[in-house]
1. Considering all alpha-carbon pairs of segment 260-418, what whole percent are spaced by more than 25 angstrom?
2. Going by a ≥ b ≥ c, the root eigenvalues of the Cα gyration tensor, does segment 347-448 fall in the rounded group (a/c under 1.5), the prolate group (a/b larger than b/c) or the oblate group?
3. Roughly how big is the chain's charge dipole about its Cα centre, with Cβ charges of +1 (Lys, Arg) and -1 (Asp, Glu), in debye to the nearest 20?
4. Excluding ligands, DNA and RNA, what is the solvent-accessible area per residue of the chain at a probe of 1.4 Å, expressed in Å²?
5. Once amide H atoms are built 1.01 Å from N in the peptide plane, which residues 5 or more positions from Thr384, or in another chain, come under 5 Å H to H?
6. At a probe size of 1.4 Å, how large is the accessible area of Thr310, to the nearest 10 Å²?
7. Each label point is 7 Å from the Cα along the Cα-to-Cβ direction; what then is the distance between the points at Thr69 and Asp205, in nm?
8. So if I place +1 on the C-beta of Lys and Arg and -1 on the C-beta of Asp and Glu, and nothing else carries charge, what would the dipole magnitude of segment 193-295 be about its Cα centre? I want it in debye, nearest 20.
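The values are calculated or read from the model by the stated rules, or taken from the named source; none is laboratory data. Quantities reported herein were computed from a predicted structural model and do not represent experimental measurements. Heads up, the Cβs are rebuilt from the backbone with ideal geometry, glycines too, and the neighbour counts pull from every protein chain shown. These accessible areas exclude ligands, DNA and RNA; they are computed on the full protein's heavy atoms, side chains included. Shrake-Rupley method; radii C 1.70, N 1.55, O 1.52, S 1.80 Å.
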Amino acid sequence: MQIQYQKQVSRWGVQEIVVSGKSEGNPFTDYEISAVFSCGSERKKVAGFYDGDGRYLVRFMPSFEETYTFEIKGTALEDGAALSGSFEVTAPEEGNHGPVHVANTYHFAYADGTPYYSIGTTCYVWELQSDELIEKTLDSLAKSPFNKIRFCIFPKHYDYNLGEPRSYPYEGTPMDSSVLTTENFNEYTGKTEGNHFDFYRFRPDHFRHIEHCIERLGKMGIEADLIVMHPYDRWGFSQMTPDQDDLYWKYVVARFSAYHNVWWAFANEYDIMSGKSIADWERYADLVCRMDPYQHLRSIHNCRPFYDHTRPWITHCSIQRQDLYKTAECTNEWRERYRKPVVLDEIAYEGNIQHGWGNISAEEMVRRFWEAACRGGYAGHGETYLSPDRILWWSHGGELHGESWKRLGFLHDILCETPGLGLRPYENSAWDEVAAVPEDTGMSFRQVQDYYLIYYSFMCPSFREYHFDDTTEFELRILDTWNMTVTDAGIVKGKFRVELPGRPYMAIQLKRHVGNKI
């Protein structure tokens, strides 16, 4: 029996073991394969999967720089005998800090302790486009500040997104989509007539391509926030039976979980998937929690009502706006209600299409990012500018045409200067400002903090006065969050006045002066 694997793998890299096995009948349902990986510091059982052409794969992400051994078993093996081996784990590749996890209730960090501040974007089916368009997307991402991207495993059917994907997840054929127009697309949403897919036979090439995209994102330092299910469907993928759903979830987790940059977004807009109940989502959650040996981040995204984000399997809140105007402004409330990181994955999109969710200004997008950050959360970007070729970043990727993305890296730079692992609202701030301090300082709000970030949003003060105490010295910087400028304004203490330009989107940053530490 043939077995192939690497004798040396980097920490948080992927060890892929390839085994030849049974291919009679339906290998996706008739056989199983798994492995146990062990070293001095960990022991994990990992499910494998069928990859076509008589090949079974087991993937593993090692967490320690040690010698690992493995043993593979399963009904997929021709002679039923177990296979074993060993390999060495070396230092991680440059830029690989390991999986992101929740670090201190409200914020994130990589496995090596490096803080992670989410600056995410949405491109629902960028990876299911042509090679040329995919390369444009990756080039745009390389020039951008984004360190997370939300996208779907299934293709998506919606306005501005009526073409066929490059591949399908199952064997079979789709309906005739030439009849679709921007006027009649809703008539076909959720219909299955004309589609002929076998929901018990996967197309491995579809998943291999997504893995390739995940790998490329990982090398760029970008988290792949995988949307496992969604309602925008004309192929029947959103209406599969419970056993078909479970087969899909098991296959997805077995294939993707070994990649360090994977997050599980259980659904985009779970509440308009009429064929799925809360019991279904809880069943999927139980399956993922049992099968994912690395416990990647898990969320579920709403259209209107929230899922119960207090559920223990949910690691962070993935939120779509609840109000036409405000969402970032509610970050304080949601932090306290759920006591988990708040990620506003959809706060509307910068663009000019007719839909109300897709035509806010670049200035408003940037404002919402800063508002969310200073309230202790994280916002998400999207772009929906109409173009003659009807290629919108929000769905297809390609090129970025807006202005907000250029300014989000400035926010990330400021967040990286925050002591600790993130910001929280400053309880003792003035009622007419949005002020933040480091999350974990061990200080009560009655004490003077080491660091303050105060944001004035759409307000236009020409000056502000402050008084923390009479002795503490602060280094004062004035930030223009739109023009991305920093003005050093010297050392201040006691009661002091800050001169401002009288225009919106200004912030001030106060750092306790070196030599004046507590």
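1. Taking all Cα-Cα pairs of segment 260-418, the fraction more than 25 Å apart is 36 percent.
2. The shape class here is prolate.
3. The dipole magnitude comes to about 1020 debye.
4. That works out to 39 Å² per residue.
5. Residues meeting the amide H criterion: Glu350, Gly351, Asn352.
6. Roughly 70 Å² of Thr310 is accessible to a 1.4 Å probe.
7. 4.1
8. Details: 11 positive and 17 negative charges, 81 e Å.
My answer is approximately 400 debye.
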